[in-house]
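What follows is calculated from the coordinates using simple rules that are stated; it is not laboratory data. Bear in mind that the values here come from a model prediction, so they are computed numbers and not experimental data. Virtual Cβ from ideal backbone geometry, glycine too; neighbours counted across all protein chains shown.
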Amino acid sequence: MEEHGKLLKVIENIEQVMIGKREVAELSVVALLAGGHVLLEDVPGVGKTMMVRALARSVGADFKRIQFTPDLLPSDVIGVSIYHPKEMEFRFRPGPIMGNIVLADEINRTSPKTQSALLEGMEEASVTVDGRTLALPDPFFVMATQNPIEHEGTYPLPEAQLDRFLLKVKMGYPGREDEVEVLRRAEKQPPIERIEPVITLDELRDIRTRAAEVSVDDTVKGYIVDLAESTRKSPDIRLGVSPRGSIALMRSARALAFLKGRDYVLPDDVQHLAPYVFSHRMILQPEVRYEGIDAEELVERIVMRTKVPVRRAGTR
Amino acid sequence: MSQKTVDRLFLGLIYMLVVLLVREWLLPITELTGTGHITLFVIFVALCFAFPLFGAPWWVSGPAKLIYAVWFVAHAHMDGPATPVASVSFFLSDLVRNAGLLVTGELGRITDPFRTVLFLALLWMASYLIQYWINLKMSVLIFYGMTVIFITVLDTFSPYSADAAILRILVIGFLLLGLTFLAKLADNQRKRPGLPAFLLMTIPLLVLVTAAGAVSQFLPKSDPAWPDPVPFIKSFAEGAGDGLGRGAGKIGYGEDDTMLGGPFVGDDTVVFEATAERGQYWKVETKDTYTSRGWIHSSEEQELLPVGEERPIDEPLLAGTTRGEDTATLSMQLDFEFIVRPYGSTIPEGPEGTDFLQEAGTGKVIPFVNNAPAVLDAYSVAYEEPAYSLTALRNTAPDTLPEGEFAQYLQLPDGLPQRVHDLSLEITGREETLYGKARAVEQYFRQNGFVYDQANVASPGAGEDFADHFLFETKRGYCDHFSTSMVVLLRSAGVPARWVKGFNEGEEIGRNDAGRQFEVTNNNAHSWVEAYMPGVGWMPFEPTIGFDGAGGIDYDLDLEEMTEEETQEMDEAAKPEQAEKEKTPAASKGEGFWKSLGGRIAENSRAIYIGLAVLAAAALAAFLLRDKWLPRVMVARFRKRELDREGFERSYGRLLGRLRRYGLPKEDGKTLSAYAREVDAHFGGSDMRRLTEAYESVVYGGRDTVLHEQAVRESWENLINRTTG
């Protein structure tokens, strides 16, 4: 499969700048294919910007970056109409959201109002300025980063808004070997300059359509629902995953299957993605949080306990 | 202490126990064959184990054993002082002589010294084999199992009594199993246990096993349900047993009734075949003296009276009718020096020159040829089956009994417990006639929780009364228990009664012009009761549950005088008789079949149980060994199965099941491909991954056909075959 090879090349590109983070690269491509957005939860300085830029370059996409600060206004994100004295009219100056691939840095540093401006754009794939609705470019892919909640001066994203993101990924520090390699490469020309586009935006749009055609058997759908159901029943979880979460898991599983060169989804795809898709869509019981168990771990436990279907749905 | 010493100590302990176990083999051999010098043999075995334990090379241990053997042979078999030179020359000359015998095949003439040499060689090989098991697999289970089987078989079939040996084997065996298990555990550890750990593991084991063995000696033990299987096995092996002489626990007709009780083994050896119009009880003799443990006859010398036209075998009834004349023709399979006969027998007829004499006391009829008791193969007995007059029976008030005449039939042992008398009074107290009392006792067993059983029957302990034990302690037994108890109860109630031995009607096997044919086997050996009814005579009663009575009633009552209750009673009692008359042959045959089937099941319950047990054991063995054969069956079926989606799903499911049995279960939360990697990592190769990939494309990919079917089939078979190992 030609497209499949190209996608792998994209991942390789990202890996060049993000050493030892193939997992994150893969997940980003999955989200891109599934038409979703990624929330990266991490400390600053682990190379998030680099990664997104590498991704943007690989697909020849327009890259925009918004650094969220406490004083950022919605119009700073969406854009603003400015009166043009010569032509005697207001002209719209698009904000940084009008890009193909947008890095929204430290999204939880800004006020909820500005946050929701971005999140609404992500949900609707369009923004409304002065009563006019402007469609956002296609593809439109946001990779937002947020500092771990415990940091000072943050506005945590409301749970309801969090599920605008298809995946939530934790990046973490590179391993020792990998970090040595990072240092070695930092001595040379920044690798980002060497990255060549692998596919065009048109191709990307085409690939996305094809990825959406990957089949999900009822057996696997049943498995997804079983997993969601288990989060709802778990005593450790106050609010389980909504059906929207199930849909998100199915969509991303399709993209992962496509990335793996398959035209059907395996329970393996579902299992692999479940922590990334589910963890930010649940509210844990407070006592569980105090114990230091995080949502990803809970989802993994649920995955371990939920029976994988080994026969086709409907046959016994 | 170094690790090596500790290991050696441990192994030495195991070897010591093994030598003790070998000694258990030698003990019965020396006892049964008269071989001497057991200590020397044991020392030889100990040598065989000691040399390797201390790492002696073969060129030391071999000659040492040889020298020991030479000395042994010389010491045991040579006359005169066993100087080295003399010993060796004796040994060699013996060897040469016997080698010649071996070559010419004259095994019978082999001398004792050479037998000793051969036996030593055998011991040496056996100990080598045991060492091999221990060193290689740390397993003595096979040897231990063989020891147990050897000893138990000897205990059962030979005079050797293994009571103490069983206990010793138990203790030694469990110690051995425990120690080898510890050794196996220690093998799996990187660091081998030192002396303290070794002691910590071993001493509790020693204490526990020894204590358990000691305690077991003091625990109460129930008697074996089947004390001696040997006669049973013999009767199987020999076909028709001798029948005479009731062997230990085997059913059949026997002469000696002094010790009743104990469990029985069924035996369907045919005793005789009879042709008669009706099925009926076959009487042989009666006994009158109850000894608390069994029956004897009061007079040892029996007066013999000729029977014939002038003097029929059974005295005619004082009141009652008969059901017509008939002649029973008998063909004997076993050799009896007496005849069996129906009730109401008149004249027996044997081959030319046969005289029949009857013992006055027991009623036994003995054929005489040339004035000596003889065994008849065939004879016939004319009889008129009696029907006892109910009118007369209703008039059997106790005071009609002639006084003094029946003392011997009212005899009871002095030591009979009072509670038997009390029970008798309780049962019969309300009945006014002797007949009523007899019927009451007969019915008592059917309504008070008594169970018919041949197998699980306890014998009364020393000093206990047989009837008392049955009536109050066990309530479980067979005909001897019921009939003896009834006689005792009747006598206690003042009804003259005696104990009757013979056979029940047997199984109907056909019909010819002369009448119905019955086959009577050892299982039909039976005992019942006769009670004396004044004005009527001796009348049979059948107390045993599951048997229907001997003796018909003539309902000659004047109907107008009867109360309603009596009429009802009469109707009920008469029903079987009427039914019998109306039956068509087919119906009677059908009913007879079911009846005889029920009877057969009851009689052959032992054989049926054994059959079921064998079947169950076979099924269990098949189930336990299913890992060996099931995969082959599955592969054979798989080859025939079409590999469409459904077939593939089923086959894959089977494989998952087999792998689970093998010890590679799939966890619920594990995906198939993750599991496949795990399985392949275990077996090596990539069969499971290949198979699983194809399976995934069917189950999750929605394909209806299987790609690369041949490869998939091969992978499946490979995997299934691997689960066999």
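Each part reduced to its alpha carbon centroid, the stretch B:693-724 and the stretch B:606-627 end up 36 Å apart. A simple rule links phi to the HN-Hα coupling: the Karplus curve 6.51 cos²θ - 1.76 cosθ + 1.60 with θ = phi - 60°, which for the stretch B:448-457 gives 10, x, 7, 10, 8, 7, 9, 8, 9, 10 Hz, with x for Gly and Pro. Within the protein assembly as shown, antiparallel bridges make up roughly 75 percent of the DSSP beta bridges whose residues both belong there. Put simply, the amide H of residue A:170, placed in the peptide plane, has neighbours under 5 Å in A:41, leaving out anything fewer than 5 places away on its chain.
Between residue A:177 and residue B:681, what's the calculated FRET efficiency when r is the beta-carbon distance and R0 is 22 Å? Round to 0.05. Kindly include the intermediate steps, with their values, before the conclusion.
Values: r = 26 Å, r/R0 = 1.17.
Taking R0 as 22 Å, the efficiency between residue A:177 and residue B:681 is 0.30.
Using a/c under 1.5 as the rounded threshold, could you call chain B rounded, prolate or oblate? The axes a ≥ b ≥ c are square roots of the C-alpha gyration tensor eigenvalues, and prolate needs a/b larger than b/c, oblate otherwise. Mind dumping the intermediate values first?
Details: a/c = 2.52, a/b = 1.66, b/c = 1.52.
Prolate is the answer for chain B, as a/c is 1.5 or above and a/b outweighs b/c.
Taking the number of Cβ atoms within 10 Å of each Cβ as an exposure proxy, the fewest-first ranking of B:33, A:110 is B:33, A:110. For B:632, A:210, the sequence from fewest to most other C-beta atoms within 10 Å is B:632, A:210.
Assuming a viscosity of 1.002 mPa s and a temperature of 20 °C, what translational diffusion coefficient in µm² per second does Stokes-Einstein assign to the protein assembly as shown, Rh being the Kirkwood radius over Cα pairs? Before the final figure, lay out each step's value.
Numbers: Rh = 40.2 Å.
Roughly 53 µm²/s, to the nearest whole number.
Of A:64/A:113; B:184/B:666; A:113/A:168; B:640/B:666; A:188/A:260, which pairs sit farther than 30 Å apart, going by alpha carbon to alpha carbon? Correct reply: A:188/A:260. Looking at the stretch A:23-130, the GluC sites (Glu not before Pro) that sit in a DSSP loop and have at most 11 other Cβ atoms within 10 Å of their own Cβ are A:87.
Against chain B, whose longest principal axis comes from its Cα atoms, helix B:709-722 is set at around 80 degrees. As a rough footprinting exposure proxy, the listed residues B:265, B:171 were ranked by other beta carbons within 10 Å of their own, and the order from fewest upward is B:171, B:265. With respect to chain A, whose longest principal axis is taken over its alpha-carbon atoms, helix A:48-58 is tilted by about 80°.
Computed from the alpha carbon atoms alone, the convex hull of the stretch B:625-722 holds 88 Å³ per residue.
Taking amide H as placed 1.01 Å from N in the peptide plane, the amide H of residue A:79 sits under 5 Å from that of A:95, each at least 5 places away or on another chain. Counting other Cβ atoms within 10 Å, which trypsin sites (Lys or Arg not before Pro) in the stretch A:157-206 have at most 11 and lie in a DSSP loop? Answer by residue number: A:188. For chain B, the longest principal axis of the Cα atoms and the long axis of helix B:418-428 meet at an angle of about 50 degrees. Looking at the square roots a ≥ b ≥ c of the eigenvalues of the Cα gyration tensor of the stretch A:213-305, which shape do they give, rounded for a/c under 1.5, prolate if a/b is larger than b/c, or oblate? Verdict is prolate for the stretch A:213-305. A Förster distance of 30 Å, applied to the separation of the beta-carbon atoms of residue A:232 and residue A:124, puts the FRET efficiency at 0.60.
Working note: Cα gyration tensor of the stretch B:3-218, eigenvalues times five, square-rooted, sorted largest first, giving semi-axes of 35, 23, 14 Å. So, R0 is 45 Å and r is the distance between the beta-carbons of residue A:83 and residue A:193; what FRET efficiency does that work out to, to 0.05? Step by step, r from the Cβ atoms, then E = 0.70. Residues whose amide H lies under 5 Å from that of residue B:366, counting only those 5 or more places away or on a different chain, are B:357, B:358, B:359; hydrogens are built 1.01 Å from N in the peptide plane.
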